[in-house]
Amino acid sequence: MTDDIEVLECASCCAGCNPTLNDTDSDGLNDYEEHIDYNTDPANQDSDGDDLTDYEEVMIYDTLPNNPNTDGDCMDDGYEVLTALTDPLVGSDLIQTCIRPTQPKLPSFQTSES
Ligand SMILES: [Ca+2]
Ligand SMILES: [Ca+2]
Ligand SMILES: [Ca+2]
Ligand SMILES: [Ca+2]
């Protein structure tokens with residue numbers, strides 16, 4: 001009932017939105033929720049780049065959709081959920097084995113692609 005109003009509000013406030021779509025990036029969170037409620041990118045399914053979609057983070061794992069490492073240990077949320085199978089909300093004991101200086105990811109770094 002209020003969807004039309006929400007879409008209009010969002011279309012006027014976020015650059016990446018497609019005003020004809022409720023959910024520009026099709027991740028399951030509508031543009032209004034992403035822009036207003038979660039402060040995520042309505043045009044990017046994975047705003048923080050941790051391999052979990054914004055929807056998965058908000059609705060399934062309860063992690064932060066705009067923080068790639070919710071619990072602040074050494075593993076990104078997606079890595080914990082998909083690979084390490086640890087709790088992305090609880091700093092892992094594994095932090096003992098992977099202490100490393102915090103540094104920004106190299107923006108242009110790519111593993112070998114053929
Ligand atoms: Ca969305
Ligand atoms: Ca994410
Ligand atoms: Ca996250
Ligand atoms: Ca983590």
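Could you say which residue among 63, 53, 86 is within 15 Å of ligand 3 (Cβ to nearest atom), in contact with a helix residue (DSSP H, G or I) (Cβ under 8 Å, 6 or more places away or on another chain) and at pLDDT 95 or above? After applying the criteria, what remains is 63.
Within the stretch 21-34, is there a residue that is of a type in the set (Gly, Ala, Ser), at pLDDT 85 or above, out of contact with any Cys (no Cβ under 7 Å at 6 or more places or on another chain) and not assigned by TED's automatic domain parsing to the domain that holds residue 66? Yes, the stretch 21-34 contains a residue that is of a type in the set (Gly, Ala, Ser), at pLDDT 85 or above, out of contact with any Cys (no Cβ under 7 Å at 6 or more places or on another chain) and not assigned by TED's automatic domain parsing to the domain that holds residue 66. When each of 91, 72, 78 is tested for being over 19 Å from residue 37 (Cβ atoms), modelled with pLDDT of 85 or more and more than 17 Å from the chain's Cα centre (by Cα), the lone residue that passes is 91. For beta carbons closer than 6 Å, sequence separation of 6+ or different chains, a first residue in the stretch 52-66 that is on the phi < 0 side of the Ramachandran plot and without any contact (Cβ under 8 Å) to a residue 24 or more places away in the chain and a second that is near ligand 3 (Cβ under 8 Å from one of its atoms) and not basic (Lys, Arg), the qualifying pairs are 57/63; 57/65; 64/70.
Check the stretch 42-50 and report whether any residue there is within 11 Å of the chain's Cα centre (by Cα), in a loop (DSSP other than H, G, I, E, B) and away from ligand 3 (no atom under 13 Å from the Cβ). The answer is yes, given that some residue of the stretch 42-50 is within 11 Å of the chain's Cα centre (by Cα), in a loop (DSSP other than H, G, I, E, B) and away from ligand 3 (no atom under 13 Å from the Cβ).
The values are calculated or read from the model by the stated rules, or taken from the named source; none is laboratory data. Remember, predicted model here, so these are calculated numbers, not experimental data. Virtual Cβ from ideal backbone geometry, glycine too; neighbours counted across all protein chains shown.
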